[in-house]
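Participant: Dumping the structure here so I can ask a few things about it.
The values are calculated or read from the model by the stated rules, or taken from the named source; none is laboratory data. For clarity, every value in this text was computed on a predicted model and none was experimentally measured. Cβ sites come from the backbone with ideal geometry, for glycine too, and all protein chains shown count toward neighbours.
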């Protein structure tokens, strides 16, 4: 019998801190990067490649990390991921040559491949089916909060030096790592891990990838990719779009992103569980995709600041609700293969995070409206797929 969430507050707090620090670390270096780029005499192309290196390393490592999470346990992989993340931030802060920076970013991507699926698998293991949507909503909120306060903290810490935010992230990750070692307990017994490991004995990355195409999983993974692609493409060009089309100042843009993110977090924490109970994961996913398509198109024809703020709030909310809804659905489908599903979830997310920003930037150079319109097309295709998915799943009896 799994304990209620209210009796596992300390464990959940540590897990949320682990996922929070990863995205805090990503967010707090944002205000530093232009100055860091000038000091290191790096080109814009190099900075773009450094961003892609993180996602690419996470993409390659995620399937293997998922297998190790099911074989060696959730706690071990989370701890290893935090050690690697701390090391990557420290190395990046100390780096004086671009090759060292690439190494640090690749190490950071590997750490993310361990931490994210490790935490989601752990949360799935310790929660009941009834309480899992609420717990996954907390995980998604922790990710969003890391993004929200990261740039602000980074700007404040920069007063101590350009490299200080990297050292701060390294130290914070080390503290959460030590806390995890002493407070977290492996949620699965050795026997349970052995049983899962036996199921995976004859599998590898290729077989895992093929298995992700199973009807039970593939549509959800496609939507994971669509979400990552759409969100990353939207966020990548948002500041450029707002500057070129509306003439918004950096403060205007930062205010819109902050208010939109806070709005999304509040809804996730207080309403997500109730929305899943009322609508179910699949219907909520479909509604979020409909909203995403409509609002992405609307974004190309508005100009008033308050209207832009309102539209951005709701498109961010759609993305913020999609993430935990998909994660919850996949964790329910996975049963004893939480590591595999969490790993492939990370794989498809990374793939979207690589392609989305790159393609969004290319389309922006052609026409500033194209990234939003293309994201709308991708989400609409995802919506059509969920219609087929619903019929096939119901007809085959694979899910309730």
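Participant: Testing residue 137 on (1) part of a helix (DSSP H, G or I); (2) more than 14 Å from the chain's Cα centre (by Cα), one condition comes back false. Which one is that?
Facilitator: Residue 137 satisfies all of (1) part of a helix (DSSP H, G or I); (2) more than 14 Å from the chain's Cα centre (by Cα) except (2).
Participant: Is there a residue in segment 170-185 that is out of contact with any helix residue (DSSP H, G or I) (no Cβ under 6 Å at 6 or more places or on another chain), assigned to a loop (DSSP other than H, G, I, E, B), closer than 30 Å to residue 377 by Cα and modelled with pLDDT of 75 or more?
Facilitator: No.
Participant: Could you grab me the full set of residues in segment 89-116 that are modelled with pLDDT of 90 or more and outside any helix (DSSP H, G or I)?
Facilitator: The answer is none; no residue qualifies.
Participant: Ok, one more. I'm told residue 274 meets every condition in (1) touching a residue at least 40 places away in the same chain (Cβ under 8 Å); (2) under 19 Å from residue 137 (Cα atoms) except one. Can you identify the failing condition by its number?
Facilitator: Just one mismatch for residue 274, condition (1).
Participant: Ok, one more. Would you check if residue 336 is under 30 Å from residue 68 (Cβ atoms) and at pLDDT below 70? Before the answer, list the steps.
Facilitator: Working: under 30 Å from residue 68 (Cβ atoms): yes; at pLDDT below 70: yes.
Judged against the criteria, residue 336 is a match.
Participant: Out of (1) part of a helix (DSSP H, G or I); (2) touching a helix residue (DSSP H, G or I) at 6+ places or on another chain (Cβ under 6 Å); (3) surrounded by fewer than 23 Cβ atoms within 10 Å (Cβ to Cβ); (4) in contact (Cβ under 8 Å) with a residue 60 or more places away in the chain, the odd one out for residue 268 is which?
Facilitator: The single condition residue 268 does not satisfy is (3).
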